[in-house]
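Worksheet: the structure to be examined is printed underneath.
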């Protein structure tokens, strides 16, 4: 990995079944961050889905997906931009500016979508949460705290 970052990408996916009552409460209680398995630079992806939203850790990667995440390092300042690559509503034509981080700082960036399933017309929903720290984290629980920057692009999804 060319940039000294630790990335945690949390993807929570659900259907209309988790839109109300106790199922919605279970979904809303799903974590958006987890304790890191180590402090080395890496990309950790965690997926949660119905019915119980149990976290499933995907394979750890050493490389960042440059289509999803744009990073630019200049004089010990890191510019971070989460790209909206989903072809799903809501389309976001006006995106926030990149977030600038000094070493030791971190960002939580959240983005959600919904799309119709072709087979039955039902809705799928996805919340993507990017947690990214610039430089080596001092603690495995870094993403359980308060982020230096928070970008909230969550929209109301009917």
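Summary of computed values
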item: Matching residues, region 1-21, being within 17 Å of residue 125 (Cβ to Cβ) and outside any strand (DSSP E or B); result: 16, 17, 18, 19, 20, 21
item: Evaluation of residue 38 against (1) within 23 Å of residue 146 (Cβ to Cβ); (2) surrounded by 14 or more Cβ atoms within 10 Å (Cβ to Cβ) (one fails), failing number; result: (2)
item: Residues that are without any contact (Cβ under 8 Å) to a residue 40 or more places away in the chain and either surrounded by 12 or more Cβ atoms within 10 Å (Cβ to Cβ) or more than 29 Å from residue 138 (Cβ to Cβ) (or both), drawn from region 23-33; result: 23, 24, 25, 26, 27, 28, 30, 31
item: Subset of region 118-140 [in contact (Cβ under 8 Å) with a residue 24 or more places away in the chain, under 30 Å from residue 19 (Cα atoms) and over 15 Å from the mean Cα position of the chain (by Cα)]; result: 122, 123, 124
item: Total residues in region 41-68, condition in contact (Cβ under 8 Å) with a residue 60 or more places away in the chain and either under 16 Å from residue 105 (Cα atoms) or surrounded by 12 or more Cβ atoms within 10 Å (Cβ to Cβ) (or both); result: 2
item: Residue that is farther than 24 Å from residue 158 by Cα, in a loop (DSSP other than H, G, I, E, B) and touching a residue at least 24 places away in the same chain (Cβ under 8 Å), where the choices are 36, 78, 71; result: 36
item: Any hit, region 47-64, residues being within 21 Å of residue 151 (Cα to Cα), at pLDDT below 95 and in contact with a strand residue (DSSP E or B) (Cβ under 7 Å, 6 or more places away or on another chain); result: yes
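The values are calculated or read from the model by the stated rules, or taken from the named source; none is laboratory data. Predicted model, so just to flag it, every value in this text is computed and none were measured. All Cβ positions, even for glycine, are placed from backbone atoms using ideal geometry, and neighbour counts span all protein chains on display.
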